[in-house]
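The values are calculated or read from the model by the stated rules, or taken from the named source; none is laboratory data. Because the structure is predicted, anything quoted here is derived from the model rather than measured. We place every Cβ from the backbone using ideal geometry, glycine too, and count neighbours over all the protein chains shown.
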Amino acid sequence: MNITEKTIYQDNCFARLFILLFTSKMSKVLGEKTKAKGYDGFVDLSTKIMRGRNAIQQQEIVAKVLKSLIPAFVLKIIRSIFGPTQLVCELNAWFTTLLFEWLVGSCEVIEAKVSIENGEIRTQKSGVKIKKCRYLESSGCVGMCVNMCKLPTQNFFTKDFGIPLTMNPNFEDFSCEMFFGQIPPPLEEEEIYHQPCLPNHCTVAKTELIPCPKVRDFL
C-alpha cells in the first residue's frame, strides 16, 4: 500500500456523528476548542493535547476522554459479567470493524493467536487488521500513535473493560493489528519503543535515526 498517497474519506452520517461526539468530549476534557472541522478537528485537538505535555500526561487526558464515553457503573457491570472468553474477544473484534472504521479506516477481522491463563496458545478470530490507519496517516506522528491511541486504548480495554488488548502499529505501511484477548507487554519490550520519527510525515523529525522522543518523554 502506498503511504505517500493521501487517502480520501467520504464520511457518512454515522461517521460524522461519532467524529463530532469524540471531538466534543476531547474539547471538554482539554478545555480548548478547535477551528478545524470534521476529522481534521479531531486530529487538531490531539495535537493540542500533545503540546506542552509529557507522554504520561497525554495518556491521562485520553483516558479521561475514553472514560467519559461510558459511565463507570456500566464498565463495572461489563467487568463483572463478561470475562475475556473466546466468544467475548471475537465479538469485540467484530464490533470494532463495525463501529470504528470512521476512526482508523478500512479494517477486517483476522485470526489471532493469544496466550491464555494456563500458558497455552489459542487460535481465535479476535484480531483486527487495520489496512491503513486513518489516525496515523493524518497525524504522521509516532508519539501521537503511541500516547493517544495505542497505550490508552490498550489500558482502557485491559483494565477498565477487563478484556486484554494488544495493538501493533506498522510504521512502514501505516497498518495496525489489534489482538483482543492478548495481554499487552511492557512498552519497553516492544519494537515501537525504539521507533524513530517519520521524517517524511513528522514536521519535527530529526535526521538521526533515534527513537521518537515523545514516546519516551515521561518527565
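Would you check which residues across the range 31-45 are of a type in the set (A, V, I, L, M, F, W, C) and surrounded by fewer than 17 Cβ atoms within 10 Å (Cβ to Cβ) and list them? Ala36 - this is the single residue of the range 31-45 that is of a type in the set (A, V, I, L, M, F, W, C) and surrounded by fewer than 17 Cβ atoms within 10 Å (Cβ to Cβ). Looking across the range 172-198, the residues that are part of a loop (DSSP other than H, G, I, E, B) and of a type outside the set (Asp, Glu) come down to Phe174, Ser175, Gly181, Gln182, Ile183, Pro184, Pro185, Pro186, Gln195, Cys197, Leu198. If you go through the range 110-158 and keep only what is buried (at least 21 other Cβ atoms within 10 Å of the Cβ) and either in contact with a Cys (Cβ under 6 Å, 6 or more places away or on another chain) or of a type in the set (Phe, Trp, Tyr) (or both), you end up with Ser126, Val128, Ile130, Cys133, Tyr135, Leu136, Cys141, Val142, Gly143, Phe157. Among the residues that make up the range 106-119, is at least one of them touching a strand residue (DSSP E or B) at 6+ places or on another chain (Cβ under 8 Å) and either within 21 Å of Gly38 (Cβ to Cβ) or part of a helix (DSSP H, G or I) (or both)? Scanning the range 106-119 turns up at least one residue that is touching a strand residue (DSSP E or B) at 6+ places or on another chain (Cβ under 8 Å) and either within 21 Å of Gly38 (Cβ to Cβ) or part of a helix (DSSP H, G or I) (or both).
Where in the range 48-105 are the helices (runs of 4 or more DSSP H), entirely inside, with at least 1 residues that are among the polar types (S, T, N, Q) and closer than 21 Å to Leu21 by Cβ?
Working: elements: 55-69, 72-81, 86-99, 101-104.
Answer list for the range 48-105: 55-69, 86-99.
In the range 29-49, the residues that are at negative phi form Cβ pairs under 6 Å with partners that are part of a loop (DSSP other than H, G, I, E, B), at six or more places apart or across chains, as follows: Gly41/Thr34; Asp44/Thr34; Asp44/Ala36; Leu45/Thr34; Lys48/Glu32.
Of a type in the set (Val, Ile, Thr), at pLDDT below 95 and under 13 Å from Met144 (Cα atoms): does that describe Ile49? Talk me through it step by step, then tell me what you get.
Working: of a type in the set (Val, Ile, Thr): yes; at pLDDT below 95: yes; under 13 Å from Met144 (Cα atoms): yes.
Yes, satisfied.
Would you point out the residue of the range 132-147, among those that are under 25 Å from Leu91 (Cα atoms) and not aliphatic (A, V, I, L, M), that is nearest to the chain's Cα centre (by Cα)? Step by step, filter the range 132-147, then rank; the result is Cys145. Restricting Lys129, Lys159, Lys125, Lys150 to those that are under 30 Å from Val74 (Cα atoms), assigned to a helix (DSSP H, G or I) and either more than 11 Å from the chain's Cα centre (by Cα) or not charged (D, E, K, R) (or both) reduces the list to Lys159.
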